[in-house]
Amino acid sequence: MKISKLIFATGFMVLSASIAAQNRSGGEEAYLRDADVNALIYSGREEMRYGAFRNHPYLDTNLFREASLSYNGRIYPRVRLRLNTNTDELSVQPTPTFPFGIVLDPALVDSASLPEYTIVYSGEGGDLPAGYYVRLYDGKHIVMKHIRNRIDRVANGTVYEQVFVTSTRYYVLHNGAYRQAGNKRALLKLFADRKKELDRYARQQRLDFGAAPDEAIVGLVAYYETLTN
């Protein structure tokens, strides 16, 4: 099944490229030149497709976003990709009009950089559970966010709808090891040597670990670094 899907994807890419070549705009030509449609990144299998759901399982948006991808030591400066947090797979779109994504080999993903954050993969055997992470902060300390979406069914009147239910965990690299720290209490325990100053700062800055955890966690970690420089 996987082989047939790969053959179909490869054939579809070649056919689509030949048909659309004469109609491409200058911007599309530049994208294809930078992306290199024959590259290793487009040799994987087709990504998971879903039926009717109330929401989607992708990071931030279900649209493919342009990013700079480092893959197997090579930089692809303009690649369209999206992270599926249900299957924990990163997919790339060969062209802006291609109907589905091609799954990347996580072992070859160095990083994917977007304006707001960087996506990285952590393999087996480290402090972090294996999977894709959003790197929110990269200083003396590193803040990682891991998102997973599981499938559930909820009642809507007389029918049931399928939904994705999100769970998020945060990890902070401190003293050479990653520790789970997704709220104020966990961070104050991790940085016990500056607990009072951090608690005061969090109150003064009104850091909201419930409504805006990314900003709050990064803000407290960054402030800790100013206290310990």
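In whole Å, what three semi-axes, largest first, describe the equivalent ellipsoid of segment 81-224 built from its Cα gyration tensor (square root of 5 times each eigenvalue)?
Here the semi-axes work out to 31, 21, 14 Å.
Taking a probe of 1.4 Å, how large is the accessible area per residue of segment 116-229, in Å²?
59 Å²
Going highest first, how would you order 46-53, 183-190, 125-132 by mean Cβ packing within 10 Å?
Going from most to least packed, we get 183-190, 125-132, 46-53.
The values are calculated or read from the model by the stated rules, or taken from the named source; none is laboratory data. Please read these numbers as outputs of a predicted model, since none were measured by experiment. Neighbour counts are summed over all protein chains in view; Cβ atoms, including those assigned to glycine, are modelled from backbone coordinates with ideal geometry. Remember, those area values only see protein heavy atoms, side chains included, never the ligands or the DNA or RNA. Shrake-Rupley method; radii C 1.70, N 1.55, O 1.52, S 1.80 Å.
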